[in-house]
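Read through the structure below, which is laid out as structure tokens, and then see the notes.
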Amino acid sequence: MGWWRLGADTLAGGRFVISPLAETVASLQTLHAGRAGHPGEREWLADRLPAYRARLAAEPLDALLVRSAISPTWNADFMTPTPWGDGERGFEEEVEAVRATTPEAAVADLAVSAGGRVPEPLRSARDLPERLAALLTWVWRETVLPEWPRRRRVLEADVTARTARLARDGWAAALDELCPGRMRWLGNGRLQVNPRDYPPRSVDGGRLLLVPVTPVTGWVSWEAPGEAEERSAIVYACSGVLADRSGPVVPQALGALLGPARAGVLLRLEFPLSTSQLVALTGQGLGSVGRHLKVLHDAGLVRRRRAGRSVLYDWTEAGAVLVRAQARS
């Protein structure tokens, strides 16, 4: 398995970061696979996939580049630069890190992702970084940007939920839930980042960045030695209940008991969310969501607590039992 040894200062300074470029790379991976990772992606993929395939058909070298850069075991490093940790940056600023890669470094990265077999047209090309930056810019403008406000709200909701879990239960619990089945806290400062047989890596100093994306994918990245600041990033898929734009299906009996709209709010609260996030995720008005939360809170089905400037709601034990009983019925 691949694992990192995290220094205490690095772990203590870990932070969540939203990255438009990471969201774009994750979307490119979904387009490349041609299948949706969760129901919320199906409509988006059906709408965007034909144009993406036409774009690659018109640029065969780009198609070859994508096939070589994306592999089941490792992405080409120059496609996944580590975000900066000093606040969110715009896509155009982030993609400059891809464009700034030297052609030699790009080919070396492709040799790793392609298992040492870089096709000749790519080996001799001198514009691979510019080509990849241009393709990512197309994916951003044509497939991500039109719905970026919704995606950003989903990502912010995920960060809020996970920081609340971090404050309540600590780093070990928060990291264990980040990438189920792939990542887990091993103890003694060790974090398994993937199940593959990669050499251990010491992350002692610098910044640890946790980067959510809405597609069901993820990767790790870090800055090479000699950079101005050491940064390591774990890109992870945000909670499925948030990423699915269609929302959870309300069981008929629960809808009859609480009303469909109120039941829909309750179903969203497996993870802590604020009123404004529920408004964004459900499409209901602020007043309606507020009234539903009051009824659910008075009934003992949800609890509320403060996390920084936000008031967060999630299930009580009674609320969890009710929802799960309905899901099994």
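The values are calculated or read from the model by the stated rules, or taken from the named source; none is laboratory data. Because the structure is a prediction, the values reported are computed rather than measured. Reconstructed Cβ throughout: ideal geometry from the backbone, glycine too, with neighbour counts over all protein chains shown. We work out accessible area using only protein heavy atoms, side chains counted, and drop any ligands, DNA or RNA first. Shrake-Rupley method; radii C 1.70, N 1.55, O 1.52, S 1.80 Å.
Sort out for me the helices (runs of 4 or more DSSP H) sitting completely within segment 250-329 that have 3 or more residues that are within 23 Å of the chain's Cα centre (by Cα) and under 19 Å from R153 (Cα atoms).
275-282
Could you say whether any residue in segment 138-150 is among the hydroxyl-bearing types (S, T, Y) and open to solvent by 10 Å² or more (accessible area, probe 1.4 Å)?
Scanning segment 138-150, I find no residue that is among the hydroxyl-bearing types (S, T, Y) and open to solvent by 10 Å² or more (accessible area, probe 1.4 Å), so the answer is no.
Residue check, W3 against (1) part of a strand (DSSP E or B); (2) at positive phi, all met but one. Which one?
Going through (1) part of a strand (DSSP E or B); (2) at positive phi one by one, W3 breaks only (2).
Select from segment 161-177 the residues that are touching a strand residue (DSSP E or B) at 6+ places or on another chain (Cβ under 6 Å) and buried (at least 20 other Cβ atoms within 10 Å of the Cβ) and write down the one among them that is nearest to W315 (Cα to Cα).
Checking each candidate, the answer is A164.
Kindly indicate whether any position in segment 116-136 is out of contact with any Cys (no Cβ under 7 Å at 6 or more places or on another chain), loosely packed, with under 13 Cβ neighbours inside 10 Å and at positive phi.
yes
So is R182 out of contact with any Gly (no Cβ under 9 Å at 6 or more places or on another chain) and open to solvent by 50 Å² or more (accessible area, probe 1.4 Å) or not?
Judged against the criteria, R182 is not a match.
Between residues in segment 70-97 that are among the β-branched types (V, I, T) and residues that are at pLDDT 90 or above and open to solvent by 40 Å² or more (accessible area, probe 1.4 Å), which pairs lie under 8 Å by C-beta distance while being six or more apart or on different chains?
Taking only residues 6 or more apart or on different chains, the pairs are I70/H32; T82/W222.
With the checklist (1) more than 19 Å from S232 (Cα to Cα); (2) open to solvent by 50 Å² or more (accessible area, probe 1.4 Å) in hand, flag the one item W74 doesn't pass.
Unmet condition: (1).
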